[in-house]
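The next block holds one structure in the form of structure tokens; read it before the comments.
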Amino acid sequence: MRMVLRVVAFFTAAALFAAGIDVQPATAAVKPKPKAAVAVAPPANPAGGIETQARHALILEAETGVVLLDKNADERIPPASMSKVMTAYIVFGLLKEGRAKLTDELPVSERAWRLQGSKMFVPIGGRISIDDLLKGVIIQSGNDACLVLAEGLAGSEEAFVELMNQKANQIGLKDSHFANVSGLPDPDHWMTARDLATLAIHTIKDFPEYYHYYSEMDYEFNNIKQGNRNPLLYKNIGADGLKTGHTEESGYSLTASVTRDNRRVIIVLNGLPTMKARAQESDRLIEWAFREFNDYRLFAAGDKVDDGEVWLGAEPKVPLSVDKDFIVTLPRKARRDMKVTVEYDRPISAPIQKGDPVGKVVMTAPDLPSVEAPLVAAASVERMNPWGRVATLAGYLVWGQRR
């Protein structure tokens, strides 16, 4: 009887093969058991957050984009001098494209010389290098330096502002509009805390060769020495930029970056009552962010996560991996309860190409939402030869064996 079944199965398999049909095992939807415990990302506003007197606040991890604190981060605010980060971003872009050089000297117009507010004290009729002007914008927060750059590089402030608004759309600033290059009060000039954080990250990642300007402590021009207004630079806590701001309407504000142990945290604060409050509040919130949270690298790109069973393949298994580093940010106290499961429909039908998406890695933890990463094949697996597929199908039909 068994021999009869084998013969029937063989010819049935052969018939299915001839018809172009590959029987898939009935257990294809079964998922593997969970693997070793790892970690999971926290919610956008994790439980046990922190209060701040700032009217608007956003703290996020630069690497993962996880938000640690969000207070009115999508409300429009007058960015004041923090909008100079966009002014400098445009100049950095022109330098990188070769359309300008740091040694280029730009003329100082009477309008730039007369511009009020914080100043670099440019001399009327003089010529100043772009290198000096960038220091005047970033370190000294000079409104006059901003205007000299705009007029010298774009022909007019209006033309330069148009470049700023175009670039804002290109890099994903979702609710920002610029009316001038300095941040002086204007009803058509606004940003959000979230856009300021996005701009900060773009500045750091897009222009590492120019980002050093933001960490310089002071600069002397025209026999006038001025210190960087970023209070975090003076605290030896890993701060390396970016920019402060202040107007009567906006209060005291700050967009800053702090790095420690291969982590970078971006903080944006707006609407603080005094310069002292800005310094103290930014320091307190940064310490909280580094104390309560951490980044965890779960898998590096190319790390084997699991071995996947293959159906009708030249190899019985295929290594499964992630195609880029999988890093998550989570509360330190939640680390020990993290778990990971690998989910995919098994077995995976051959042929398989390296890089093919096959499932996902899912991270879970109590009281936290899950987070997942794509699971991909780390190698290619060809289909079995025709007779091997017939034999495998016959074996599955008679005994339920997959190979």
Shape category assigned to region 72-146 from the gyration tensor of Cα positions, a/c cut at 1.5 = oblate
query = When N counts the residues of region 220-332, how does its alpha-carbon radius of gyration compare numerically with 2.2 N^0.38 Å, as a ratio?
reply = 1.70
query = For region 98-167 and region 222-300, what is the separation of their C-alpha centers, rounded to whole Å?
reply = 25
Within region 48-91, GluC sites (Glu not before Pro) in DSSP loop having at most 15 other beta-carbon neighbours inside 10 Å = Glu51, Glu75
remark   = Each label sits 7 Å from Cα toward the beta-carbon; between Asp325 and Asp356 the label points are separated, in nm, by 3.0
remark   = Taking a straight Cα-to-Cα line shorter than 15 Å from Lys71, and setting aside same-chain aspartates and glutamates fewer than 8 residues away, one finds Glu51, Asp195, Glu281
key: Dipole of region 313-374, positive end: most advanced residue of Ser349, Pro319, Leu330 [Cβ charges, Cα centre]   = Leu330
ask   = Tally Lys and Arg at +1 and Asp and Glu at -1 over the other residues with C-beta under 14 Å from the C-beta of Leu115: what net charge comes out?
value = -1
query = Counting only protein heavy atoms, what percent of the accessible surface of region 82-128 is carbon or sulfur at a 1.4 Å probe?
reply = 53
inquiry  = Could you compute how fast region 118-225 diffuses translationally, taking Rh as the Kirkwood radius over C-alpha pairs and applying Stokes-Einstein at 10 °C with viscosity 1.306 mPa s? Give it in µm² per second.
reply    = 107
request  = Check the straight Cα-Cα distances from Lys339 and name the lysines below 19 Å, setting aside those fewer than 8 residues away within the same chain.
outcome  = Lys31, Lys33, Lys35, Lys304, Lys360
note = So the carbon and sulfur contribution to the accessible area of region 203-333, 1.4 Å probe, in percent, is 46
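Taking loop as defined by DSSP and a crowding limit of 16 other beta carbons within 10 Å, which trypsin sites (Lys or Arg not before Pro) in region 169-213 fit?
Of the trypsin sites (Lys or Arg not before Pro), the ones in loops of region 169-213 whose Cβ has at most 16 other Cβ atoms within 10 Å are Lys174.
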Alpha carbon convex hull of region 62-112, volume per residue in cubic angstrom = 145
query = Per 5 Å bin from zero, what fraction in whole % of the C-alpha pairs of region 201-242 is there, up to the bin with the longest pair?
reply = 5, 22, 25, 21, 19, 7, 2
request  = Could you pull out every one of the lysines with an alpha carbon less than 17 Å from that of Lys333, ignoring same-chain neighbours closer than 8 positions?
outcome  = none
message = Over region 263-305, with the other protein chains present, what is the accessible area per residue in square angstrom, probe 1.4 angstrom?
response = 41
ask   = How many Å² of accessible area per residue for region 74-223, probe 1.4 Å?
value = 41
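The values are calculated or read from the model by the stated rules, or taken from the named source; none is laboratory data. This structure is a prediction, so every number in the text was calculated from the model and none was measured. Cβ atoms come from the backbone with ideal geometry, glycine included; neighbour counts cover every protein chain shown. Accessible surface is based on the protein model in full, side chains and every heavy atom, while ligands, DNA and RNA are left aside. Shrake-Rupley method; radii C 1.70, N 1.55, O 1.52, S 1.80 Å.
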